[in-house]
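This report refers to the structure that appears directly beneath it.
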Amino acid sequence: MDAIRTTCAYCGVGCGISATVTGKRTVEIAGDPDHPANRGRLCSKGTHLGETVELEGRLLHPIIGKKRASWDRALDLVAKRFKETISRHGPNSVAFYVSGQLLTEDYYVANKLMKGFIGTANIDTNSRLCMSSAVAGHMRAFGEDIVPATYNDLDAADLIVLVGSNTAWCHPVVYQRIRARCEAGAKLVVIDPRRTETAEEADLHLAIRPGSDVALMTGLLQHCREAGVVDEAYLTAHVAVPTDFWNQLGEGNDLWSVARTCDVSVADLRRFYELFAANPRTVTMFSQGINQSTAGTDQVNAILNLHLATGRIGKPGAAPFSITGQPNAMGGREVGGLASTLAAHMDFAPDNRARVQRFWAAPTIAEKPGLKAVDLFRAVGEGRIKALWVMATNPAVSMPDANRVHEALAACPFVVVSDVIEQTDTGAFAHVRLPAAAWGEKDGTVTNSDRTISRQRALFPLPGEAMPDWWIIKEVARRMGWKTAFAYDRPADIWREHCRLSTYDNDGSRIFALPGAAQGGNAAYDAMIPFRWGGEQIFADGNYPTDDGRARLVPVTQKPLADPLEKWPMTLNSGRYRDQWHTMTRTGLAPKLARHRAEPLVEVHPDDGLRLGLVDGSLARVETPQGDSIFRVAIHDGQRRGEVFVPIHWTERTSSGGRAGLLPRPLVDPVSGQPGFKRTPAKVEPVTPRWRGFLLLANELPDLPPCMWATRVAVPSGVMWELAGDGDLLAVEALLPRGQRVEADDRARGTRRIAVIANGRLTGALFVTETGELPPRDWLIAQLSAPDVAPTLLAGRAPGVQADHGAIICVCFDIGVKTIVAAVRERQLVDVASIGAALGAGTNCGSCRPALARILAEETSNAA
Ligand SMILES: Nc1nc2c(c(=O)[nH]1)N[C@H]1C(S)=C(S)[C@@H](COP(=O)(O)OP(=O)(O)OC[C@H]3O[C@@H](n4cnc5c(=O)[nH]c(N)nc54)[C@H](O)[C@@H]3O)O[C@H]1N2
Ligand SMILES: Nc1nc2c(c(=O)[nH]1)N[C@H]1C(S)=C(S)[C@@H](COP(=O)(O)OP(=O)(O)OC[C@H]3O[C@@H](n4cnc5c(=O)[nH]c(N)nc54)[C@H](O)[C@@H]3O)O[C@H]1N2
Ligand code: SF4
Ligand SMILES: [Mo]
């Protein structure tokens with residue numbers, strides 16, 4: 001079969017994929033060498049997409065309550081309940097909560113239905129949690145939500161500054177491009193309170209005090225002024241500067257004051273400022289460390305101010321670059337899917353409302369911005385929203401203060417959830433669950449971080465009764481009575497309408513426009529190749545989409561950073577792991593992706609570990625005023641003292657602990673409404689279970705194992721649960737399958753080992769101990785798929801050998817840290833390339849290269 005060109009399901013890099021279907025639900029994945037975003041490269045997540053396309057765990061038919069239902073019944077019910085609620089309580093009593101993981105066509109239809117036909121702007125998206133501060137910052141500075149950079153700017157930059165972005169893990173293919181540029185001589189500065197793998201390879205890492213970015217950037221602006229690199233001519237010609245802007249800047253922005261506020265050395269700070277001043281070709285790339293803050297919009301504008309004031313915008317290699325997280329975060333912005341925008345980069349100004357209403361021939365049009373995510377769920381909790389439809393997002397996990405979100409969902413009279421997965425934390429609250437088509441089954445377009453629009457294409461036929469999101473939404477719209485306005489037969493129909501709206505009555509005052517694209521027929525849509533809207537250098541002419549054609553410098557000041565409270569002495573940060581995607585509904589299926597970080601860790605500085613009695617590998621409870629959850633402790637000197645980091649990926653389906661969403665406060669940026677996920681006052685204390693162990697099973701469990709701590713790890717041919725507990729083991733033992741049992745007990749150490757064999761194969765194992773050791777898991781896991789059981793099962797290792805390769809570093813080739821260290825020592829390897837030549841590690845997706853570099857550095861310093 002011929003390869004099909006499509007786009008990766010995950011991050012906003014938007015890599016092109018060349019997919020060759022090899023069977024009913026199997027596919028070979030390769031990077032598309034012709035796609036401008038990745039030129040053939042893929043990271044670990046993209047590479048392993050093929051492991052996530054089986055039908056395991058999929059929602060394949062509509063469900064009403066707990067019962068399977070026909071599409072007709074389910075759609076009729078949704079339409080009826082929304083209509084009834086609207087007629088009884090008005091349009092503001094209903095809401096949609098959608099996602100940057102919808103395709104542009106899905107998003108367009110949802111937005112049109114809510115804003116033009118239901119007549120309220122109560123449609124918000126998980127992009128509120130993701131980059132709404134960047135949107136708000138762009139609108140304040142440029143007059144329109146425009147990302148002025150492209151990936152090509154990275155190839156032309158002499159200095160790349162990454163602010164609040166763990167690019168090596170979250171945008172790995174862009175990171176490879178940055179590395180390539182650095183190898184050609186560009187400098188890399190990383191600004192992040194944590195020493196991430198991104199920071200480890202930088203020329204300079206500023207581990208600033210969290211929340212001090214405005215001080216850092218304002219100090220830099222002052223430095224640029226003193227160094228004479230403020231571009232007065234550019235400001236005069238193209239930027240409106242508020243009176244007093246420069247006067248306000250003077251106070252407290254000297255090097256020493258800034259170094260104190262940011263808690264970095266004066267020498268490092270000076271080095272950063274001098275590098276910045278010396279390099280006109282600078283790209284400043286930022287993501288959640290900037291956006292997810294209660295001062296997020298100001299932080300964004302602090303960065304935009306710098307680039308405007310130095311005229312470093314609209315030129316090759318010079319731009320501020322908000323890199324987006326989700327595959328179609330940008331497409332959502334283009335259709336206007338946020339509660340704070342109307343459609344096609346238009347706001348709620350009267351002429352915009354009239355224009356959009358006219359274009360849609362809509363009976364009504366939303367008057368004003370709707371409820372933003374945090375307010376929206378608060379309104380659900382307070383009974384003001386009485387019907388809610390959630391699509392392609394898992395707010396029960398990902399919203400801040402998730403306990404309150406659970407309560408809100410439980411109290412809501414009517415909840416609809418469209419998802420691809422049957423069991424999700426949010427789906428548990430749904431009155432109606434609708435099976436959506438997944439990646440590999442759906443057709444449409446996405447826009448990546450650098451405005452490149454690409455096709456996602458179906459590889460497989462729709463499984464079961466799953467249907468694409470656009471179809472589900474338009475069917476509900478039609479059943480609510482709007483037949484002609486939603487008479488779409490295919491995504492291409494919607495795409496053309498979206499393109500026409502972008503150019504409709506647009507005299508050039510809105511930069512977002514897709515001229516030409518509207519004219520193609522279905523064949524042109526099918527054959528679409530990736531293209532970028534807005535052109536390469538969007539502000540090259542210095543014209544900005546404001547009334548006076550000028551950009552704006554926005555005065556911003558650093559908010560005071562309070563000292564920690566006695567009750568909550570630690571600061572909790574949260575974010576991502578390299579090989580997991582959000583709530584793991586898909587990456588959680590791939591055993592290879594579980595190997596990089598199998599469990600949810602709380603990373604703690606060694607000094608805090610000592611002070612708080614936290615030992616590497618033990619358990620700790622992280623508590624905030626909102627809630628608490630247990631994590632595995634990882635002592636890491638890349639943490640700042642007083643700060644801890646947890647991942648966002650684990651859910652009620654996958655772990656009894658590790659629940660980052662329960663912890664943050666529902667506090668938001670006043671302009672954008674984006675929650676401040678990165679800085680929560682917290683307390684961390686050790687938890688000491690009586691026993692710890694693991695449970696290995698050939699089959700999935702319906703529920704979590706009943707003990708203090710249970711966390712699921714995907715393994716080949718089965719599932720593993722890491723466990724810890726206080727009580728007796730009987731309830732856990734009861735989870736073992738039937739079969740022949742072999743057992744061993746060591747009373748002295750409180751050790752119990754059980755293996756279950758059925759038809760000559762290992763089907764389950766439970767190993768626990770109070771004071772003893774537990775064997776490495778790899779060999780036992782492999783026994784699940786071994787044709788014969790080994791006699792040494794209870795030893796947890798093969799006869800005669802000790803097969804422990806250490807933690808897996810290279811997931812593509814399954815290479816552990818011990819193997820790498822041994823090779824480095826024995827073969828005297830000196831660089832990442834030679835490790836690649838010797839072992840293959842790092843030669844496929846490249847995601848582990850920063851880790852390899854760190855191992856080399858550690859080995860070199862050990863040797864010295
Ligand atoms: N592997 C993987 N990749 C992903 C995703 C995923 O789930 N997994 N999700 C995608 C999505 S939707 C998104 S939004 C992106 C997010 O991509 P990133 O923004 O790179 O990811 P995060 O880990 O959320 O946070 C980035 C960094 O901000 C730092 N930070 C915290 N507080 C501050 C601060 O006050 N100042 C500064 N300067 N930095 C701070 C954190 O320590 C963290 O290292 O990733 C995308 N890519
Ligand atoms: N503490 C903390 N919380 C955070 C963050 C943080 O850094 N810290 N980051 C925030 C950010 S930036 C983001 S983007 C969010 C992400 O949070 P979510 O959006 O809640 O996470 P996902 O797991 O991506 O949820 C997507 C859901 O859509 C389903 N799905 C996948 N494809 C389709 C499809 O085609 N159609 C439909 N209908 N469903 C589909 C998936 O199975 C899954 O259930 O988390 C936010 N929450
Ligand atoms: S960087 Fe990785 S996750 Fe992101 S689009 Fe590319 S392959 Fe997919
Ligand atoms: Mo995101």
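Return yes or no: is residue 110 open to solvent by less than 40 Å² (accessible area, probe 1.4 Å) and closer than 28 Å to residue 425 by Cα? Here the answer is yes, as residue 110 does meet what is asked.
For every residue, the table says whether it meets (1) touching a Leu at 6+ places or on another chain (Cβ under 6 Å); (2) away from ligand 2 (no atom under 11 Å from the Cβ).
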| site | (1), (2) |
| --- | --- |
| 394 | no, no |
| 412 | yes, yes |
| 418 | yes, no |
| 423 | no, no |
| 426 | no, no |
| 434 | no, no |
| 439 | no, no |
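For the stretch 356-382, the candidate set comprises residues that are among the small types (Gly, Ala, Ser) and assigned to a loop (DSSP other than H, G, I, E, B); within that set, the residue that is farthest from residue 673 (Cα to Cα) is 361. Checked against (1) over 21 Å from residue 177 (Cα atoms); (2) buried (at least 21 other Cβ atoms within 10 Å of the Cβ); (3) under 25 Å from the mean Cα position of the chain (by Cα); (4) more than 16 Å from ligand 2 (Cβ to nearest atom), residue 44 meets all criteria but (1).
Within the option set 269, 308, 304, 275, being in contact with a Gly (Cβ under 7 Å, 6 or more places away or on another chain), assigned to a helix (DSSP H, G or I) and not small (Gly, Ala, Ser) holds for one residue only, 304. Taking the numbered list (1) more than 16 Å from ligand 2 (Cβ to nearest atom); (2) hydroxyl-bearing (Ser, Thr, Tyr); (3) not in a helix (DSSP H, G or I) in turn, residue 293 passes all entries but (1). In the set (1) out of contact with any Ser or Thr (no Cβ under 8 Å at 6 or more places or on another chain); (2) open to solvent by less than 40 Å² (accessible area, probe 1.4 Å), the condition left unmet by residue 481 is number (2). Screening residue 81 against (1) open to solvent by 30 Å² or more (accessible area, probe 1.4 Å); (2) within 16 Å of ligand 2 (Cβ to nearest atom); (3) in contact with a strand residue (DSSP E or B) (Cβ under 6 Å, 6 or more places away or on another chain) leaves a single unmet condition, (2). Applying the criterion of at least 1 residues that are within 23 Å of residue 314 (Cβ to Cβ), touching a strand residue (DSSP E or B) at 6+ places or on another chain (Cβ under 8 Å) and open to solvent by 10 Å² or more (accessible area, probe 1.4 Å) to the strands (runs of 3 or more DSSP E) found wholly in the stretch 136-250 leaves 187-191. Sort out which residues of the stretch 354-389 are within 16 Å of ligand 4 (Cβ to nearest atom) and either open to solvent by less than 10 Å² (accessible area, probe 1.4 Å) or under 23 Å from residue 498 (Cβ atoms) (or both), and write them in order of number. Within the stretch 354-389, just 373 meets the criteria.
Residues in the stretch 670-682: is at least one assigned to a strand (DSSP E or B), hydrophobic (A, V, I, L, M, F, W, C) and under 35 Å from the mean Cα position of the chain (by Cα)? Scanning the stretch 670-682 turns up at least one residue that is assigned to a strand (DSSP E or B), hydrophobic (A, V, I, L, M, F, W, C) and under 35 Å from the mean Cα position of the chain (by Cα). The residues in the stretch 146-173 that are within 16 Å of ligand 1 (Cβ to nearest atom), under 22 Å from residue 217 (Cβ atoms) and not small (Gly, Ala, Ser) can be counted, and the count is 10. Could you list, in sequence order, all residues of the stretch 518-532 that are assigned to a loop (DSSP other than H, G, I, E, B) and surrounded by 14 or more Cβ atoms within 10 Å (Cβ to Cβ)? Result: 520, 528, 530.
For residue 65, are the conditions met, namely being away from ligand 4 (no atom under 16 Å from the Cβ) and surrounded by 15 or more Cβ atoms within 10 Å (Cβ to Cβ)? Judged against the criteria, residue 65 is not a match. If you go through the stretch 641-690 and pick out every residue that is in contact with a strand residue (DSSP E or B) (Cβ under 6 Å, 6 or more places away or on another chain), of a type in the set (Val, Ile, Thr) and within 13 Å of ligand 2 (Cβ to nearest atom), you end up with 6. Scanning the stretch 383-412 for residues that are over 23 Å from residue 658 (Cα atoms) and touching a residue at least 40 places away in the same chain (Cβ under 8 Å) yields 384, 385, 386, 387, 388, 389, 390, 391.
Of the set (1) open to solvent by less than 10 Å² (accessible area, probe 1.4 Å); (2) within 14 Å of ligand 1 (Cβ to nearest atom); (3) not in a loop (DSSP other than H, G, I, E, B), all apply to residue 324 but (3).
Here is a yes/no grid of residues against (1) open to solvent by less than 20 Å² (accessible area, probe 1.4 Å); (2) more than 11 Å from ligand 1 (Cβ to nearest atom):
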{"position": "641", "(1), (2)": "no, yes"}
{"position": "647", "(1), (2)": "yes, no"}
{"position": "655", "(1), (2)": "yes, yes"}
{"position": "660", "(1), (2)": "yes, no"}
{"position": "664", "(1), (2)": "yes, yes"}
{"position": "676", "(1), (2)": "yes, no"}
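For beta carbons closer than 7 Å, sequence separation of 6+ or different chains, a first residue in the stretch 473-500 that is within 21 Å of residue 96 (Cα to Cα) and a second that is at pLDDT 95 or above and open to solvent by 50 Å² or more (accessible area, probe 1.4 Å), the qualifying pairs are 479/76; 480/83; 485/361; 486/478; 491/443. Hey, any hits in the stretch 486-504 for a residue that's surrounded by 15 or more Cβ atoms within 10 Å (Cβ to Cβ), assigned to a strand (DSSP E or B) and under 31 Å from the mean Cα position of the chain (by Cα)? No, the stretch 486-504 contains no residue that is surrounded by 15 or more Cβ atoms within 10 Å (Cβ to Cβ), assigned to a strand (DSSP E or B) and under 31 Å from the mean Cα position of the chain (by Cα).
Just one of the numbered conditions (1) more than 16 Å from ligand 3 (Cβ to nearest atom); (2) under 28 Å from the mean Cα position of the chain (by Cα) is not true of residue 578: (1). Any residue at all in the stretch 2-11 that is open to solvent by 10 Å² or more (accessible area, probe 1.4 Å) and within 16 Å of ligand 4 (Cβ to nearest atom)? Within the stretch 2-11, one or more residues are open to solvent by 10 Å² or more (accessible area, probe 1.4 Å) and within 16 Å of ligand 4 (Cβ to nearest atom).
Among the conditions (1) at pLDDT below 95; (2) within 16 Å of ligand 1 (Cβ to nearest atom), the only one that residue 537 does not satisfy is (2).
For the stretch 124-133, the criterion of being open to solvent by 10 Å² or more (accessible area, probe 1.4 Å), within 16 Å of ligand 2 (Cβ to nearest atom), outside any helix (DSSP H, G or I) and of a type in the set (A, V, I, L, M, F, W, C) is met by at least one residue.
The values are calculated or read from the model by the stated rules, or taken from the named source; none is laboratory data. The structure displayed is predicted, hence computed values, not measured ones. Positions of Cβ are backbone-derived with ideal geometry, glycine not excepted, and every protein chain shown enters the neighbour counts. These accessible areas exclude ligands, DNA and RNA; they are computed on the full protein's heavy atoms, side chains included. Shrake-Rupley method; radii C 1.70, N 1.55, O 1.52, S 1.80 Å.
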